[in-house]
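The values are calculated or read from the model by the stated rules, or taken from the named source; none is laboratory data. Given the structure is predicted, the values throughout are model-derived calculations rather than measurements. Heads up, the Cβs are rebuilt from the backbone with ideal geometry, glycines too, and the neighbour counts pull from every protein chain shown. Surface accessibility is based on the protein's heavy atoms, side chains included, excluding ligands, DNA and RNA. Shrake-Rupley method; radii C 1.70, N 1.55, O 1.52, S 1.80 Å.
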Amino acid sequence: MAEFAATGEVPDVLFWVGCAGSFDDRARKITKAFVRILNAAKVKFAVLGQEESCTGDPARRAGNEFLFQMQALNNITVLNGYGVKRIVTACPHCFNTLKNEYPALGGSYEVLHHTQFINALLKEGRIKVQGGNFQGKRITFHDPCYLGRGNGEYEAPREVLLKLDAALMELKRSKQNSLCCGAGGAQMFKEPEPGTRDVNLERSEEVLEAKPDVIAAGCPFCNTMLTDGVKHFNKEGEVKVKDVAELIAEAADL
Amino acid sequence: MSLGNILFLAVLASAIALFARNIRRVIRNINLGRPQVINDRKTERWRTMALVALGQSKMVARPVAGIMHILIYAGFIIINLEVLEIIIDGLFGTHRVGAVLGPLYDLLIGSFEILAVGVLLACVVFIARRAVLQLPRFHKPEMKGWPSRDAMIILVTEILLMGAFLTMNAADFALQELGADHYPPVGSYPVSAGLASTLNLTNLQLPTLISVERITWWFHIVGILAFLNYLPYSKHFHIVLAFPNVWYSKLEPRTQVSNMPRITGEVRSMLDPSVAPPDPAVPRTVAGLEIPERFGAKDVFDLSWKSLMDAYSCTECGRCTSECPANLTGKLLSPRKIMMDTRDRLEEVGRAIDAKGMWEDDGNSLHTRISEEELWACTTCNACTQACPVNIDPVNIIMEMRRYKVMEESSTRPALTGMFNNVENNGAPWAFGADRRLEWTQDA
C-alpha cells in the first residue's frame, strides 16, 4: 500500500490478508491462491504488509474491549490515512469486524469476502474456469458462521463452486442452520471447555457422512478445524479440505 | 343487578387489578436494566413483528411443533373473542348476547368449537412429546422441577378450559333443544351437538342441565382470569411479550458485537495525549442504590433492558440449546439456561426490592448462577439467535458477562491471556511479529 501511495496510484482494492493468512502455514496457501486469482484477473490490489495488524476480533469476543478498540482505532488510522475505500479479505472474522464493527469507530469501507469478490470476477468474465480437475467430484460447502448466519451471505460461495462442474452437495445442517466448526468466539485460541467431544469432530463427522471428495471452506479457521477433524477420522487420504479460492485457482490452472 | 352479576363484576375487577399490578412489576423490573435507545428502522421493526411474532415464521422451522403451535395460537386469539360475550353476559345478565350478529354468530361459534378441538388435540400431543416421547430438549438439567411443572400446568389448564368450553356449549345446546327458558336456539354447535347426543344430555333433568351449563360457564371464565394472572409468574408470559420483544429485535448482522463508546473515549486519549480523557461516568441510581458504571455485566442492572425483556420473553422451548454446538458436544453451556438464570436473578432482585422498598446488595449476581465454564464455552456462532422463534439474544448476555470477567476481574482462560499479550505486542493472536507478515510473498 505504501508503494502505491508513494507513486500516487490508487489500487482497486485493498487485500486484507489477516493474521491466519499471513502466519498460518495452511492459510498462507489460501492467501497465495487468492493472489493468483487477483493477478490472473489483472486486479490492481494492495496489501498493508507490516502495517496490517489484528482487527481485534478475538480480543473483543474474549471480552477485552480495550484491546479490541486499540487495534481497531490503530487500523482505522492506517486505512483512513491511505484513503482506503474497498477491502477484500479471505477471513470471515476480519470481514465481519471490518464491515460491521469499524464504522462505529470511524472506519467505513466497502468490505467484501473473497468468495463475493471471486464471484464478481467470474460474472464479469475476468477469470474463466472450466471444471478442470473437479469435474464430477463430490464437493460440499461448510458455511462459516461469520459469513453465513452472521452476515447472510450463503449464495456467493455456492455460485463460485458451481463453476467447477462438480456435484455440489448440501450438508444436513447448512446455510442458516449450519453447525459451527468450533473455532469462533476466540475458541481458536484456547482449549475447549470440558464436554463429551470437540465441536470440530461433531461437524467433521457430519461432513464425512456426505462422502465428499472435497470439503470446501471459506474461512481459515474452519479450514483448520475441519482438516483436524478429517485427520481424526483417518480420512485425509480420501477427503481434502480446500478453500473456495484454492479450488478456483486450481481449476483455472493458475 | 342480580347477585350473580355483582359477583362477576367483583371477580373481573379484581382479576384485572391484579394483572395490572403484576404488569407494572414486570415493567419496573425490566427497567432495572441499562438504558438503550431502540427506535430506528421502524418500518423494518413492524415488518419483523408481523412476520416473526404475528406470523410465527420462525416456529415452522420445525414443522410438527410449529403447526401445532400455530393451532393453539390461532385458537387462543380467536376463541378469546368469545370472552367478550361472556363478559357482557356476566355483567348484564344477558345470555349469548352475540346472537344479535345473526348468521355471523353461528359461523363464529362454529369455528370456535372446531378450533377448540384443534387446541385440545395439540395440547395432548404436546404433553405426549414431553411425557412420553421425552424429547431431549425438554429434559435438560435446567428443566428439572418448576420449569417442567410450569409447562404441564399450562397444557393441562388449556385442556381444562377447552373442555369446559365444549361442555358448556353441549349443555346449552341440549337446553335449547328442550326449549328451556333463557336458552333461545342460537349459535351452531358442530362439535358440542355431537357431544350432547353422545352423552344423551337431553335425557337429563332441566335443573341438572342448567347447573352443568352454569358451572362450566363460571369455570371457563374464572379459569381464563386465573390463567391471565398466572402468566406473569410463568414462562407462558411469552404470549404477551413475544410481540414487543420481536419489535425491539437486534436488526444488525447477527455477529456484530455492540460498541462500548465509553472505552472509545479512553482509548482515544490513550493513543493521542492531546485528546482529553472522557469525564468520569455518573453512577446510575436504581431502586435507591447507586450502580457504578461497570465494564460489562456483573448483575442484571448492567445488562440492557432489552436483555431483561428477552429473559421475560423466553418460553423455555429449548430450540436454542438444541442447536448450540457447545451443548451438542456435552459442554455446560445452554443458551436457554442463560435466559432462565437472567430472569430468575431479575425476579429475585425484584422481590427483594418489593420487600424492602429499595435494593440492597445481597452479595449475589448473575455470576452466582452462570459459571465461567458456561461463558467460555460459547463460540458466538449465533445458532441460538437464529433458532429463537421470538428473536431472543443469549449471545449478548454472554458477551457482556465475559467483558465483566475480563475487564473488571481480570479473569479469563490462561490461553486467552496469551492471545491478548500477542495481539498487544505483535498485532496478531500468535507470537509472530509484524516483520514476518509478508513472508508468504516470498514463494508466491
Out of everything in segment B:417-444 that is surrounded by 13 or more Cβ atoms within 10 Å (Cβ to Cβ) and more than 30 Å from A:R36 (Cβ to Cβ), what residue ends up being nearest to the other protein chains (Cβ to nearest Cβ)? B:M419
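Residues in segment A:226-254 that are assigned to a helix (DSSP H, G or I), under 22 Å from A:A156 (Cα atoms) and open to solvent by less than 40 Å² (accessible area, probe 1.4 Å): how many? Can you show your working first?
Of the residues in segment A:226-254, the ones assigned to a helix (DSSP H, G or I) are A:226-232, A:244-251.
When the remaining residues are screened for being under 22 Å from A:A156 (Cα atoms), the result is A:226, A:244-251.
From what is left, the residues that are open to solvent by less than 40 Å² (accessible area, probe 1.4 Å) are A:226, A:244-249, A:251.
Of the residues in segment A:226-254, 8 are assigned to a helix (DSSP H, G or I), under 22 Å from A:A156 (Cα atoms) and open to solvent by less than 40 Å² (accessible area, probe 1.4 Å).
Being of a type outside the set (S, T, Y), within 14 Å of chain B (Cβ to nearest Cβ) and closer than 27 Å to A:G182 by Cβ narrows it down to one of A:L105, A:L67, so name that one.
On the way: A:L105 fails: closer than 27 Å to A:G182 by Cβ.
From the options A:L105, A:L67, the qualifying one is A:L67.
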Can you name every residue in segment A:36-51 that is open to solvent by less than 40 Å² (accessible area, probe 1.4 Å), farther than 24 Å from A:L247 by Cβ and either within 9 Å of chain B (Cβ to nearest Cβ) or assigned to a helix (DSSP H, G or I) (or both)? A:L48, A:G49
Only one of (1) within 9 Å of chain B (Cβ to nearest Cβ); (2) over 16 Å from B:V257 (Cα atoms) fails for A:Q130. Which number is that? (1)
Does segment A:159-168 contain any residue that is surrounded by fewer than 19 Cβ atoms within 10 Å (Cβ to Cβ), assigned to a strand (DSSP E or B) and either touching a His at 6+ places or on another chain (Cβ under 6 Å) or among the small types (G, A, S) (or both)? yes
Quick check on my filter: what residues within segment B:346-380 are assigned to a loop (DSSP other than H, G, I, E, B) and touching a helix residue (DSSP H, G or I) at 6+ places or on another chain (Cβ under 6 Å)? B:W359, B:I370, B:A377, B:C378, B:T379, B:T380
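What residue, of B:V83, B:V124, is at pLDDT 95 or above, surrounded by fewer than 17 Cβ atoms within 10 Å (Cβ to Cβ) and within 32 Å of the chain's Cα centre (by Cα)? Walk me through it before giving the result.
Details: B:V83 fails: at pLDDT 95 or above.
Result of the check over B:V83, B:V124: B:V124.
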Residue identified as touching a helix residue (DSSP H, G or I) at 6+ places or on another chain (Cβ under 8 Å), on the phi < 0 side of the Ramachandran plot and part of a loop (DSSP other than H, G, I, E, B) among A:E153, A:E202: A:E153
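Within the group A:A33, A:A6, A:A20, A:A27, which residue is modelled with pLDDT under 95 and assigned to a helix (DSSP H, G or I)? Before you say what the answer is, go through the steps one by one.
Numbers: A:A33 fails: modelled with pLDDT under 95; A:A20 fails: modelled with pLDDT under 95; A:A27 fails: modelled with pLDDT under 95.
Checking each option against the conditions leaves just A:A6.
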If we keep just the residues of segment B:132-163 that are in contact (Cβ under 8 Å) with a residue 60 or more places away in the chain and among the β-branched types (V, I, T), which is surrounded by the most Cβ atoms within 10 Å (Cβ to Cβ)? B:I154
Residue satisfying condition, being among the acidic types (D, E) and crowded, with 19+ Cβ neighbours inside 10 Å, within set B:E372, B:E347, B:E323, B:E360: B:E323
Could you list, in sequence order, the residues of segment A:173-199 that are assigned to a loop (DSSP other than H, G, I, E, B) and polar (S, T, N, Q)? A:S174, A:S178, A:T196
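Before we move on, is A:Y102 modelled with pLDDT of 95 or more, under 24 Å from B:S258 (Cβ atoms), touching a Ser or Thr at 6+ places or on another chain (Cβ under 8 Å) and in the same structural domain as A:A167 (by TED's automatic domain parsing)? Can you show your working first?
Numbers: modelled with pLDDT of 95 or more: yes; under 24 Å from B:S258 (Cβ atoms): yes; touching a Ser or Thr at 6+ places or on another chain (Cβ under 8 Å): yes; in the same structural domain as A:A167 (by TED's automatic domain parsing): no.
In short, no.
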Scanning for something of a type in the set (F, W, Y), facing chain A (nearest Cβ under 8 Å) and within 23 Å of B:E293 (Cβ to Cβ), does segment B:389-410 turn up at least one residue? yes
Residue check: is A:L79 more than 21 Å from A:K32 (Cβ to Cβ) and touching a helix residue (DSSP H, G or I) at 6+ places or on another chain (Cβ under 6 Å)? no
Considering only segment A:56-64, I want to know if a residue exists there that is open to solvent by 10 Å² or more (accessible area, probe 1.4 Å), of a type in the set (A, V, I, L, M) and in contact (Cβ under 8 Å) with a residue 40 or more places away in the chain. no
Just give me the residues in segment A:175-197 being without any contact (Cβ under 8 Å) to a residue 40 or more places away in the chain, open to solvent by less than 20 Å² (accessible area, probe 1.4 Å) and more than 7 Å from chain B (Cβ to nearest Cβ), in sequence order. A:S178
Failed condition for A:L171, given (1) facing chain B (nearest Cβ under 9 Å); (2) more than 22 Å from A:A33 (Cβ to Cβ): (1)
